[in-house]
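The values are calculated or read from the model by the stated rules, or taken from the named source; none is laboratory data. Remember, it's a predicted structure, so these values are computed and weren't measured experimentally. Don't worry about glycine lacking a Cβ; one is built from the backbone with ideal geometry, like all the others, and counts go over all protein chains shown.
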């Protein structure tokens, strides 16, 4: 923390950390010349340089000024309009998650629980918060706002380094490998998604392919070690869906290589996979434990079983067009209604070179594999048969967003381009590709007008694509200067086309301080909410507040079932609240609410303070997060409980406890005096119970909660469908309620034991090597 404070006084501290980290990675990579190293380090700066070199924030954090109370102070912070609304996930998910990871580490805890959203959410268990991700760990040397630029730079860098290394493994010259590295690093897939966990995970694909090839061909300890490292990195980067995709491609590639080199490498590959899983059990087991409890998995499973997504010509045209033509549906920062991410788009230069490789070198075995990767990946990206049919029939794939295979298509095109560059041939093919792109641009002009694309965008995209073809033709005709011409042309084309996706913002715009948010008391027993789109969900984490709303990829299904009781008319992906009078909000501990200044306080609420267009109100009926209801209603059916709760007006009067052991009935609850302390993310309760008492804790009942009464572990019951209840016997007792999943404890033990075993193996091998020398 002291280092973070010191870092704020330096002007280029994120840049220095990037240079140091990237340099260390290069030192671990054999056979790279200084020239190649300099280019690999420089490539990310084409996008992130304005942020790193000016000590600015890399990301769409100005989006926050689109909602009150921040919009009330936009002018004071230099805000005029949001640069790119499509980057909203960084504002509402990734930065708040990392803030909570840092807070947990600072408190001496493993980041298991996030109390700031959805009345409590899993943190490490969602995998995307990625507490073991080495980039996040190194980034903790920086304040979170500056870490945004460092993290993005390192993601770009790893994409470049791993692609370069794999291209060299395929026999490409250093210059050709640099062309392939630049192509994938600057592709649309990376340029847009660099701030998302799945882009971070996709960077490992060329690393996995490289190590699989080594395992099949070398079948030695070194190849086992580097494949284990690649798979471990893929897992800790924290995107399960991409992990599935990358591992699948790696397995297919391994089988492809084994058909030629033999099957003796298979045991080594399997051993690497098992070792990586054991090493990351601390991450994988908690995720596996919560996956079945998520609303998202249930929703996707239901859709996969009941819905056949029709092939809509309009959507296919949009996806295919965005793959080959820049701004086909607009640009993300232009906010058109028909915007498509164009995940597989690499630009005309790379596309033309890839076409040369496909036509001239298709007899090469590695070219055939890349073409075999490219075509299915494009079909998946475009949501076309037979890939869509196959994915619907495969477990796990049927609940995945498989259009993200566009990343694999971008990599395949980039590597094909690298292979073609070494030959410096195919000018006719390049000319044909250029003519085809020009004709496609002209033919789709009216379609793009229908999408309301700005003329300026169309002209810029067309000029960049056709100028790229012209420069590629020039490069092919001048072999001595081909690399310099091509790399400059490629860089210029990609920066012109996709260099404006992310803004470099002043640090003061990163979750700015405003008076009304600062005025909310930080009481650990109560929560906040805001009406409509005010004070967007998850942002509360950045201000030390806990919200009942949430915006997540892992929502507890039971909690989602309660939303009709307090958020029945949500219009967004999160649970927006429009009626503060609902009694369930009081049960959730909502004591403070931000609302428009024109909104009159409902019954039981009072106005605390008005500030410009926003009002802070207090709920006088809020129930603390740990309380004793006056009655308990035992039920053995969750839907019955939900139906009865929909009619309740006072949740302090009665709680619904789920039990299959007790017949359904209503009973008085024993009285008790509670002295409650929240220590980190656990509750310490000193209870003086006159009779046996059911104590309710309004934390979402994800699997993994534990309760102890006087040090003895006791059973936790479900209260009000989605929350916790602990029975406290008569008398004075100390109660501890803590989120500590058994799967985490087991996974931690497995990971530590595996790490120790690997260290011992490494020491033994080093000792034997020393003696042999």
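Numbers at a glance
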read-out: Helices (runs of 4 or more DSSP H) enclosed by the range 272-344 - at least 3 residues per element that are under 22 Å from the mean Cα position of the chain (by Cα) and at pLDDT 90 or above; value: 281-291, 295-306
read-out: Failed condition for residue 375, given (1) under 25 Å from the mean Cα position of the chain (by Cα); (2) modelled with pLDDT of 95 or more; value: (1)
read-out: The range 441-465, residues that are surrounded by fewer than 16 Cβ atoms within 10 Å (Cβ to Cβ) and either assigned to a helix (DSSP H, G or I) or free of Cβ contacts under 8 Å to residues at least 12 places away in the same chain (or both); value: 442, 443, 445, 446, 449, 450, 455, 456, 459, 463
read-out: Some residue of the range 251-264 being surrounded by 20 or more Cβ atoms within 10 Å (Cβ to Cβ) and part of a loop (DSSP other than H, G, I, E, B); value: no
read-out: Wholly within the range 1-106, helices (runs of 4 or more DSSP H) carrying at least 3 residues that are surrounded by fewer than 17 Cβ atoms within 10 Å (Cβ to Cβ); value: 2-7, 13-27, 34-42
read-out: Residue check, residue 618 touching a strand residue (DSSP E or B) at 6+ places or on another chain (Cβ under 6 Å) and free of Cβ contacts under 8 Å to residues at least 60 places away in the same chain; value: yes
read-out: Subset tally (residues that are surrounded by 15 or more Cβ atoms within 10 Å (Cβ to Cβ) and assigned to a loop (DSSP other than H, G, I, E, B)) for the range 741-773; value: 1
read-out: Residue list for the range 487-508, restricted to those being buried (at least 19 other Cβ atoms within 10 Å of the Cβ) and touching a strand residue (DSSP E or B) at 6+ places or on another chain (Cβ under 7 Å); value: 502, 504, 505
read-out: Yes/no for residue 306 being out of contact with any helix residue (DSSP H, G or I) (no Cβ under 9 Å at 6 or more places or on another chain) and outside the structural domain of residue 423 (by TED's automatic domain parsing); value: yes
read-out: Matching option when the condition is surrounded by 13 or more Cβ atoms within 10 Å (Cβ to Cβ) and in contact with a strand residue (DSSP E or B) (Cβ under 8 Å, 6 or more places away or on another chain), among 322, 271, 281; value: 322
read-out: Enumeration of residues in the range 667-691 that are surrounded by 12 or more Cβ atoms within 10 Å (Cβ to Cβ), under 24 Å from residue 640 (Cβ atoms) and without any contact (Cβ under 8 Å) to a residue 40 or more places away in the chain; value: 667
read-out: Residue check for residue 204: without any contact (Cβ under 8 Å) to a residue 60 or more places away in the chain, crowded, with 24+ Cβ neighbours inside 10 Å, within 26 Å of residue 286 (Cβ to Cβ) and in contact with a helix residue (DSSP H, G or I) (Cβ under 6 Å, 6 or more places away or on another chain); value: yes
read-out: Residue in the range 378-387 that is on the phi > 0 side of the Ramachandran plot, touching a residue at least 12 places away in the same chain (Cβ under 8 Å), assigned to a loop (DSSP other than H, G, I, E, B) and in the same structural domain as residue 321 (by TED's automatic domain parsing) present; value: yes
read-out: Per-region count, the range 388-412, residues without any contact (Cβ under 8 Å) to a residue 60 or more places away in the chain and either in contact with a strand residue (DSSP E or B) (Cβ under 6 Å, 6 or more places away or on another chain) or surrounded by 18 or more Cβ atoms within 10 Å (Cβ to Cβ) (or both); value: 2
read-out: All helices (runs of 4 or more DSSP H) inside the range 133-190 with 3 or more residues being in contact with a strand residue (DSSP E or B) (Cβ under 6 Å, 6 or more places away or on another chain) and not assigned by TED's automatic domain parsing to the domain that holds residue 421; value: 144-169
read-out: Which listed residue, of 421, 391, 369, is closer than 27 Å to residue 204 by Cα and more than 33 Å from the chain's Cα centre (by Cα); value: 421
read-out: Identity of the residue in the range 638-655, touching a residue at least 60 places away in the same chain (Cβ under 8 Å) and over 17 Å from residue 624 (Cα atoms), that ends up surrounded by the fewest Cβ atoms within 10 Å (Cβ to Cβ); value: 646
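Each row is one residue, and each column tells you yes or no for (1) buried (at least 24 other Cβ atoms within 10 Å of the Cβ); (2) over 22 Å from residue 546 (Cβ atoms).
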site	(1), (2)
110	no, no
118	yes, no
121	yes, no
131	no, no
140	no, yes
144	no, no
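Yes or no, residue by residue, for (1) in contact with a strand residue (DSSP E or B) (Cβ under 7 Å, 6 or more places away or on another chain); (2) closer than 24 Å to residue 627 by Cα; (3) in contact (Cβ under 8 Å) with a residue 60 or more places away in the chain:
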residue	(1), (2), (3)
516	yes, no, yes
535	yes, no, yes
543	no, no, no
551	no, no, yes
557	yes, yes, yes
562	no, yes, yes
566	yes, yes, no
576	no, no, no
580	yes, yes, no
